[in-house]
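Below: one structure, written as structure tokens.
Just so it is clear, none of the values below were taken in a lab; they were calculated from the coordinates. Here the structure is a predicted model, which is why all the values come from computation and not from measurement. Cβ atoms come from the backbone with ideal geometry, glycine included; neighbour counts cover every protein chain shown.
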Amino acid sequence: MARVTPLVPAAALGRRIGADVWLKLECLQRTGSFKLRGAAARLAALANARSGGPRPRVIAASAGNHGLGVALAARAFDIDATVLVSAQTPQMKRQGIADLGATVEVVGASYDEAEEQARRRAAEDPSLVFVSAFDDDYVIAGNGGLLAREILAQLPDVQHIVVPVGGGGLAAGIGVEVVPRGVKVLGVSPETNCAMRRSLDEGRAYTTYAGGPTLAEGLEGAVSERTFAMAKDYFPDIALVSEVAIRKAIVYAYRTLGLICEASAAPVLAALLEDAEAVRGHRVVVIISGGNIEPDLLDQLLTGAVTAS
């Protein structure tokens with residue numbers, strides 16, 4: 001269901017930071033984000049276990065992209081899907097989920113609140129399966145594992161992969177595949193909402209987390225015990241970037257790289273533009289994880305109408 005996305009050289013960025021840089025364009029994935037990979041893997045497993053029984057029903061919480069993936073996969077596998085989003089989820093993502101046939105409900109003020117309600121509903125209704133955006137073996141393997149295998153096939157001598165980190169599922173799946181092969185994984189999170197970095201710093205998983213506001217809404221929220229354990233083994237280094245840097249990176253992606261990059265994908269570029277010492281001289285793959293940015297927001301960033309706050 002997910003397509004193999006292009007891996008393209010980024011000469012301008014490479015010259016700027018002193019590295020051989022390649023961009024993995026998950027912004028060109030169906031639904032505009034890598035999240036389709038994990039959702040499709042999880043729902044395919046559910047559909048295969050159906051064995052002629054009633055139509056499966058799933059519920060998910062999403063900042064937007066996971067919901068888009070669940071909705072498309074549910075349509076393909078004839079599964080009834082409900083997606084809970086928070087008030088912070090961009091309207092274009094809410095509408096996209098609904099257009100793909102899933103039921104969309106806006107609940108709570110944050111991703112964590114939407115997830116809490118989705119998990120509660122699934123616990124109260126045995127016929128309803130909760131599909132996590134990151135805390136699920138199928139999702140981790142689908143999102144990160146499949147993506148990593150594509151990268152290794154496209155660029156076998158990659159030395160470093162830079163990936164955005166929210167709940168940690170994407171980086172975990174990538175790490176499982178590439179770290180045993182000697183490839184390093186550098187995670188990046190917004191400094192205002194960095195549950196995994198805080199978990200690693202303090203040696204415990206922040207399975208509930210109240211971070212500050214960030215433009216990168218897809219990276220908000222807590223981590224799980226599963227992804228925290230994997231982070232310690234596979235991506236213990238997480239760089240933090242400011243909201244100013246995220247905004248600048250979106251503009252840089254558009255004007256210099258020719259990419260429409262959503263805010264949750266931009267931290268990886270922001271980190272390299274601010275401090276590339278960790279990857280200097282390496283052959284580096286940067287995961288451009290999504291391109292679902294509100295057109296009005298992109299326009300405001302490009303014209304300078306949105307400034308750091």
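Some observations on this one:
- Highest-fluctuation residue, PRO295, PRO56, PRO190 considered, GNM on the chain with Cα pairs under 10 Å: PRO295
- Each label was represented as a point 7 Å from its Cα along the Cα-to-Cβ direction; for SER242 and ARG120 these points are 3.8 nm apart.
- Pairwise centroid distance, computed over Cα atoms, of the stretch 147-163 with the stretch 250-299, Å: 17
- Amide H contacts of VAL241 (H built 1.01 Å from N, under 5 Å, at least 5 apart or other chain): SER189, GLU191
- Taking 7 Å steps out from each Cα toward its Cβ at GLU113 and TYR254 produces label points 3.0 nm apart.
- Gain in span if fully extended, ALA153 to VAL106, counting 0.36 nm per residue against the direct Cα distance: 12.9 nm
- If the segment from ARG280 to ALA47 were pulled out straight at 0.36 nm per residue, it would be longer than the present Cα-Cα gap by 79.4 nm.
- Computed over neighbours whose Cβ is under 14 Å from that of ARG255, the net charge equals +2, Lys and Arg +1, Asp and Glu -1.
- Around ALA266: net Lys/Arg minus Asp/Glu count, Cβ-Cβ under 14 Å: -4
- Which labelled figure in [x] 19.1; [y] 19.6; [z] 20.9 is Kirkwood radius over Cα pairs in Å, once derived from the coordinates: [x]
- Helix-only [θ]222 nm of the chain, DSSP H runs n ≥ 4, -39500 (n - 2.57) each, per residue, nearest 500: -11500 deg cm²/dmol
- Size of charge dipole - the stretch 35-130 - debye, nearest 20, with Cβ of Lys, Arg +1 and Asp, Glu -1, no other charges: 340
- Spin-label model, ALA76 to ARG30: label points 7 Å out along the Cα-to-beta-carbon direction sit 0.4 nm apart.
- With at most 16 other Cβ atoms within 10 Å, longest stretch of the chain clear of loop trypsin sites (Lys or Arg not before Pro) (DSSP): 51-203
- The stretch 35-130: C-alpha gyration tensor shape, a/c 1.5 cut-off, then a/b vs b/c: oblate
- Computed lengthening from GLU294 to LEU128, 0.36 nm per intervening residue step minus Cα-Cα distance: 56.6 nm
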